[in-house]
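Please read the structure below before turning to the comments.
The values are calculated or read from the model by the stated rules, or taken from the named source; none is laboratory data. This one's a predicted model, so the numbers in the text were calculated from it and none came from an experiment. Note that we place each Cβ from the backbone using ideal geometry, even for glycine, and neighbour counts take in every protein chain shown. These area figures cover heavy atoms from the full protein model, side chains too; ligands, DNA and RNA do not enter into them. Shrake-Rupley method; radii C 1.70, N 1.55, O 1.52, S 1.80 Å.
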Amino acid sequence: MDDFRILKAADSALVIEFGSAIDRKTRDRVLALAETLTNADLPGATEIVATFRSLSVNYDSLLTTGRDLEQAITALVKQAGASSQVRQLWEIPVCYDPAYAPDIAEVAKTVGLTVAEVAALHAGTQYHVYMIGFVPGYPYMGDLPAKLRLPRRLDPRTRVPPGSLAIATSMTAVYPHESPGGWHLIGTSPVRFFDPESAKGALLGPGDAVKFHSVTTDEFSRIRLAVERNDYVPGSTEIAA
């Protein structure tokens, strides 16, 4: 792990960068380093946040200095191996019916497919969770099939309903909360992706994998009611890191 650099961020944070590419190899290196730094219990470090290709380490400047922390991190980067974190493959229900997918017809027309073909292509791909960000529980997942890759919408929405399944560039995501958004909405999931009452908070985590499966509008309604009663948890299985 020699191809990295450590940058200062404000007066109490450092950023460790691994190149400029967004790919699974880089993601794995970021997650492995996050685990290594967490286990090292660095004096003064208060928070470690993983992104696509970098890791930020916030610290208490009363307990350590940026220089001391940088030296410690540099030594640990060279020691970091593969992450031992347990990963999950999640089976997530999604309704691709146009009633729950306001942009799917436009997407289909733009990419030269039918609505059913867009749904089948999206649901037929296994995705990898690169990072959680934007809002709590929001999973950035790749890699979207090349046929479905579109730039973000020219007219972002000020309000995107929770559970909305979206695509843009090479990524797909689900909005856990109502929020602004500029991605194309091609479905809705009844699953709760962030629960502040749970110990974990976010349903998905970096390094997890996701398979979406299409459900009818009736099945969507049944699952959503079960979620509201706390009687539904999406299926998952452990997978190799």
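Quick notes
- The apolar share of the surface of the chain, taken as the fraction of accessible area on carbon and sulfur atoms (1.4 Å probe, ligands and nucleic acids excluded), comes to 52 percent.
- Relative to the Cα centre, the charge distribution of the chain, modelled as +1 at Lys and Arg Cβ and -1 at Asp and Glu Cβ, gives a dipole magnitude of about 520 debye.
- In the stretch 93-241 the Cα-Cα distances spread across 10 Å bins starting at 0 as 11, 44, 37, 8, 0 percent of all pairs.
- Heavy atoms of Ser198 accessible to a 1.4 Å probe, total area in Å² rounded to 10: 50
- Secondary-structure-derived ellipticity at 222 nm for the chain, considering helices only, amounts to -7500 deg cm²/dmol, per-run term -39500 (n - 2.57) for DSSP H runs with n ≥ 4.
- Longest segment of the chain lacking trypsin sites (Lys or Arg not before Pro) that sit in a DSSP loop with at most 11 other Cβ atoms within 10 Å: 1-199
- Computed with a 1.4 Å probe over protein heavy atoms only, the accessible area of Ile239 comes to about 60 Å².
- Dipole in debye (nearest 20) - the stretch 184-241, about Cα centre, beta carbon charges: Lys, Arg +1; Asp, Glu -1: 80
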